[in-house]
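**Q** Take a look at this one; I'll ask things after.
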Amino acid sequence: MPVSGNLQANMSNGTVEVNSGPEKEQESQVFEPPAEISKNAYVKSLDEYQAMYKKSISDPEEFWKDILADYHFEEKQSDDKPFFNYNFDMNQGPVSIKWLEGAKTNISYNLLDRNVKKGLGDTIAFYWEGNDPKDESKMTYGELLKEVCKFANVLKTLGVKKGDRVAIYMPMIIELPIAMLGCARIGAIHSIVFGGFSADSLADRMIDAQTSVLITSDGVWRGEKIIHLKEISDKAIAKCGDANLDVKHCIVVNHLPRLAVNKVDESTNQSPVKRKQFDYLTPFDETRDKWYHELMEKADDVCTPEWVDAEDPLFMLYTSGSTGKPKGVLHTTAGYMIYAATTFKYVFDYQPGDIYWCTADIGWITGHTYVTYGPLANGATSVIFEGTPFYPTNSRFWDVVDKYKVNQFYTAPTAIRSLMKFGDSFVKECNRSSLKILGTVGEPINPEAWLWYYNVVGDARCPIVDTYWQTETGGHVITPLPGATPSKPGSATFPFFGVVPVLLTEEGKEIEGPGEGYLVFKKPWPGMMRTVYGDHDRFETTYFKRFPGYYFTGDGAKRDNDGYIWITGRVDDMLNVSGHLLSTAQVESALIEHKAVAESAAVAMPHKVKGEALYCFVTLRDGFEFSSQLEGELKLKVREKIGAFAAPEVIQLAPALPKTRSGKIMRRILRKIAVGDSNFGDTSTLADESVIDLLLQHRPETA
Ligand code: WT7
């Protein structure tokens, strides 16, 4: 039940240009954790959280030591070394972060063998729910261990060794975590590329990581559509060839026909998915390509794990960079493992026997940490879902919740907003009584969506954990704990154990108490990234240069009078489309590849469902005319270069762009034009003020 407090909002003395933050009214709405949840939770009250938090900061060694006791280390770190060994200050030498260096472990052993030894061999690790509601399967911890060992042996026979990078471009099928853990078992570094990325994006990432093995599948169903992943993979491999990267092996999971084989609708004797799609022949290069199932048939199901150093790389995952070139965020083994495991346990309050479901794609960090690593480390049972929330109906999420009796449900604000549009009946027709905890991640959640999630989906009895984190942080860093933290809609609340958030002014001064500033972290936590793959300089410049001694998130945040943290959004040239980070530079460089475009500028505009959407301005070369056909070609260009999720919402002709005298594009002005706000503020630094009128004249009516 909402409890209204007498909280006073502190409006910032704002030095940072950020999106609008909490309104007074929202700040005053507080939702206490339901007594039912608190009673059995690992952390039962705010006091208890505060005590644990305090210990995690004042004595991190003791704090993590208790947790480490549950995990297997083949060799312990020598006693005379501290857990953490780090430098955040570039002026003192290279930035470095090490945790438990010298200890030896293997994450696949900890997630699988350790749990099987504990007696979880017959416990379901994953329920798999296909795009088609008739398509399903499941796998126990015992079976998963065998499959992972088999796949690790497959990789070995293909010559993959410790430290090699392996590219993975797969849909949401159980073979994906098997591939990840197969890599981890032998110390290979996986580099997963989300299945929605284009061939160009896949190739860029493979070239950067120099991966000579790619694991993919023939395709995937998304609602009524099939996406032919192998065809996209082939294009990417060809592009790698142009860059002198020889992709020696492409392992292909034969996924598309499984429905035809497994499930036929008795009434019509037809598979529920249109017949013609099964006649599809996957393009196959007999020397380079190998079917996954053929390789697995011959593989031994025992594989001794490679004992790797705590600081040996586990995986890399690309995230957008403000220069436009994606950064390979590198995570290492022990710190990531323990942090994923601990955040999963406390933030979702996962109790043995619970059924947990995170809807994120494994191709993003959310799926890495909270579909694969965190849940398996805890011996949890989770659901992996291939499909979309809208197929076959807009009730699909809640149907799946009822089918598996899901207790913890974790999704993104953009999914919540897109479902809200269809009204409450799609939710209400499902039972949902199994739900205990609801989670959200990816972008700030607007209070309206929060309240709908809370009242309609959760029937006002499930706490919401609004988890703030990043690809770089490895796991949640600012988040409520469901049994302990009174929540305020739109606030990610307080730091997780071991995390020290600080708000800085423009000048880098720490803001004590309420205020608004740049969100940084003052100390490392075990799961944070260690470097940008192959470019440590870029790691330092991106995250540590602006404010020496701190890790800079790129986000702005406010702290209210009760100490609650409210993320206000990116303060750099990044935008967040449906929870996916994009850099404006990346989009601009895709646009100017079109022969008609001389110059371009992309800005974010607010969007009801996506959170933010792209509004692009293009200046054309002489001899080209703006037309709806050109607009279509430009949108296609961005889809091809980046992926469908990045397609611009609006493209407008810009006879000229607003620039300062030194030639810098004034994006502030473009953002105003995008939203139709004519209050341009100070325009005196513009080289030519008449540009504004020109741009307004060309603003499309549909914008
Ligand atoms: C950026 C990181 C972490 C998994 C998904 C995105 C934004 C993420 C929240 C939240 C406000 C959030 C931030 C952050 N963000 N979660 N709960 N509240 N903002 O990972 O692609 O690395 O994006 O997403 O701006 O910096 P990512």
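The values are calculated or read from the model by the stated rules, or taken from the named source; none is laboratory data. Please read these numbers as outputs of a predicted model, since none were measured by experiment. Please note: Cβ atoms are built from the backbone with ideal geometry, for glycine as well, and neighbour counts cover all protein chains shown.
**Q** Here is a list of conditions, (1) crowded, with 17+ Cβ neighbours inside 10 Å; (2) within 30 Å of GLU512 (Cα to Cα); (3) within 16 Å of the ligand (Cβ to nearest atom), and PRO526 meets all of them except one; can you say which number that is?
**A** (3)
**Q** Take PRO313 and decide whether it is more than 22 Å from VAL499 (Cβ to Cβ), out of contact with any strand residue (DSSP E or B) (no Cβ under 7 Å at 6 or more places or on another chain) and more than 13 Å from the ligand (Cβ to nearest atom).
**A** On the way: more than 22 Å from VAL499 (Cβ to Cβ): yes; out of contact with any strand residue (DSSP E or B) (no Cβ under 7 Å at 6 or more places or on another chain): no; more than 13 Å from the ligand (Cβ to nearest atom): yes.
No: the conditions fail for PRO313.
**Q** Go through the residues of region 537-546 one by one and say whether even a single one is more than 15 Å from the ligand (Cβ to nearest atom), closer than 26 Å to PRO413 by Cα, touching a strand residue (DSSP E or B) at 6+ places or on another chain (Cβ under 9 Å) and not in a strand (DSSP E or B).
**A** Of region 537-546, the ones more than 15 Å from the ligand (Cβ to nearest atom) are 537-538, 540-541, 544-545.
Next, only the ones that are closer than 26 Å to PRO413 by Cα stay: none.
For region 537-546, residues more than 15 Å from the ligand (Cβ to nearest atom), closer than 26 Å to PRO413 by Cα, touching a strand residue (DSSP E or B) at 6+ places or on another chain (Cβ under 9 Å) and not in a strand (DSSP E or B): absent.
**Q** Only residues that are at pLDDT below 95 and either among the charged types (D, E, K, R) or not in a loop (DSSP other than H, G, I, E, B) (or both): list them for region 228-275, please.
**A** Within region 228-275, ARG258, LEU259, ALA260, VAL261, ASN262, LYS263, ASP265, GLU266, GLN270, LYS274, ARG275 qualify.
**Q** Something else about it: Being more than 14 Å from the ligand (Cβ to nearest atom), under 27 Å from GLU61 (Cα atoms) and part of a strand (DSSP E or B) is the filter here; which residues of region 492-518 pass it?
**A** VAL502, LEU503, GLU510
**Q** Sticking with this structure for a sec: Only residues that are buried (at least 20 other Cβ atoms within 10 Å of the Cβ), away from the ligand (no atom under 16 Å from the Cβ) and in a helix (DSSP H, G or I): list them for region 427-450, please.
**A** Hit for region 427-450 is VAL427, nothing else.
**Q** Of the conditions (1) under 14 Å from ALA596 (Cα atoms); (2) under 30 Å from the mean Cα position of the chain (by Cα), PHE624 fails just one. Which one is it?
**A** Looking at each condition in turn, PHE624 falls short on (2).
**Q** Is it the case, given these coordinates, that VAL371 is within 16 Å of the ligand (Cβ to nearest atom), in contact (Cβ under 8 Å) with a residue 60 or more places away in the chain and aliphatic (A, V, I, L, M)? Even if it seems obvious, please write down each step before you answer.
**A** Numbers: within 16 Å of the ligand (Cβ to nearest atom): yes; in contact (Cβ under 8 Å) with a residue 60 or more places away in the chain: yes; aliphatic (A, V, I, L, M): yes.
It is true that VAL371 is within 16 Å of the ligand (Cβ to nearest atom), in contact (Cβ under 8 Å) with a residue 60 or more places away in the chain and aliphatic (A, V, I, L, M).
**Q** Since PHE409 meets every condition but one in (1) touching a Cys at 6+ places or on another chain (Cβ under 6 Å); (2) within 24 Å of ARG461 (Cα to Cα), which condition does it not meet?
**A** Going through (1) touching a Cys at 6+ places or on another chain (Cβ under 6 Å); (2) within 24 Å of ARG461 (Cα to Cα) one by one, PHE409 breaks only (1).
**Q** Among the residues of region 452-478, which ones are outside any strand (DSSP E or B) and closer than 18 Å to ILE565 by Cα?
**A** Quick first cut of region 452-478, residues outside any strand (DSSP E or B) only: 452-463, 469-477.
Listed by number, the residues that qualify are PRO463, TRP469, GLN470, THR473, GLY475, HIS476, VAL477.
**Q** Working carefully through the options GLU593, GLU625, find the one that is assigned to a loop (DSSP other than H, G, I, E, B), without any contact (Cβ under 8 Å) to a residue 12 or more places away in the chain, away from the ligand (no atom under 15 Å from the Cβ) and farther than 22 Å from THR366 by Cα. Step through it out loud before you land on a result.
**A** Numbers: GLU593 fails: without any contact (Cβ under 8 Å) to a residue 12 or more places away in the chain.
Residue meeting the stated conditions: GLU625.
For every residue, the table says whether it meets (1) farther than 23 Å from GLU506 by Cβ; (2) more than 17 Å from the chain's Cα centre (by Cα); (3) at pLDDT 95 or above; (4) buried (at least 20 other Cβ atoms within 10 Å of the Cβ).
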{"residue": "TYR550", "(1), (2), (3), (4)": "no, yes, yes, yes"}
{"residue": "LYS558", "(1), (2), (3), (4)": "no, yes, yes, yes"}
{"residue": "GLY563", "(1), (2), (3), (4)": "no, yes, yes, no"}
{"residue": "ARG570", "(1), (2), (3), (4)": "no, no, no, yes"}
{"residue": "ASP573", "(1), (2), (3), (4)": "no, yes, no, yes"}
{"residue": "HIS580", "(1), (2), (3), (4)": "yes, no, no, yes"}
{"residue": "SER583", "(1), (2), (3), (4)": "no, no, no, yes"}
{"residue": "GLN586", "(1), (2), (3), (4)": "yes, yes, no, yes"}
{"residue": "ALA590", "(1), (2), (3), (4)": "yes, yes, no, yes"}
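**Q** Next question, about the same structure. Inside region 1-37, can you point out the residues that are over 29 Å from GLY569 (Cβ atoms) and either more than 28 Å from the chain's Cα centre (by Cα) or modelled with pLDDT under 95 (or both)? First the steps, then the outcome.
**A** Initially, region 1-37 is screened for residues over 29 Å from GLY569 (Cβ atoms), giving 1, 34-37.
Those that are over 29 Å from GLY569 (Cβ atoms) and either more than 28 Å from the chain's Cα centre (by Cα) or modelled with pLDDT under 95 (or both): MET1, PRO34, ALA35, GLU36.
**Q** Could you pull out the residue among ALA602, ALA613 that is within 30 Å of the chain's Cα centre (by Cα), surrounded by 16 or more Cβ atoms within 10 Å (Cβ to Cβ), farther than 15 Å from SER589 by Cβ and without any contact (Cβ under 8 Å) to a residue 60 or more places away in the chain?
**A** Numbers: ALA602 fails: farther than 15 Å from SER589 by Cβ.
Checking each option against the conditions leaves just ALA613.
**Q** A further question on this structure: Can you run down the residue pairs with Cβ atoms below 9 Å, 6 or more apart or on separate chains, where the first is in region 435-447 and touching a residue at least 40 places away in the same chain (Cβ under 8 Å) and under 12 Å from TYR356 (Cβ atoms) and the partner is near the ligand (Cβ under 6 Å from one of its atoms) and not in a loop (DSSP other than H, G, I, E, B)?
**A** If the second residue must be near the ligand (Cβ under 6 Å from one of its atoms) and not in a loop (DSSP other than H, G, I, E, B), the pairs left are GLY439/ASP466; GLY439/THR467.
**Q** Still on this model: Return yes when ARG396 is within 16 Å of the ligand (Cβ to nearest atom) and not small (Gly, Ala, Ser) and no when it is not. If you could, list the steps in order and put the result at the bottom.
**A** Working: within 16 Å of the ligand (Cβ to nearest atom): no; not small (Gly, Ala, Ser): yes.
Against the criterion (within 16 Å of the ligand (Cβ to nearest atom) and not small (Gly, Ala, Ser)), ARG396 does not qualify.
**Q** Just to be sure, is SER583 more than 10 Å from the ligand (Cβ to nearest atom), touching a strand residue (DSSP E or B) at 6+ places or on another chain (Cβ under 8 Å), small (Gly, Ala, Ser) and over 19 Å from THR323 (Cα atoms)? Spell out the reasoning first.
**A** Working: more than 10 Å from the ligand (Cβ to nearest atom): yes; touching a strand residue (DSSP E or B) at 6+ places or on another chain (Cβ under 8 Å): yes; small (Gly, Ala, Ser): yes; over 19 Å from THR323 (Cα atoms): no.
So SER583 fails the test.
**Q** Residues THR479, THR471, THR467: which one is within 15 Å of the ligand (Cβ to nearest atom), within 26 Å of THR332 (Cα to Cα) and surrounded by fewer than 24 Cβ atoms within 10 Å (Cβ to Cβ)? I'd like the intermediate steps shown before the answer.
**A** Working: THR479 fails: surrounded by fewer than 24 Cβ atoms within 10 Å (Cβ to Cβ); THR467 fails: surrounded by fewer than 24 Cβ atoms within 10 Å (Cβ to Cβ).
Just a single option satisfies the conditions, and that option is THR471.
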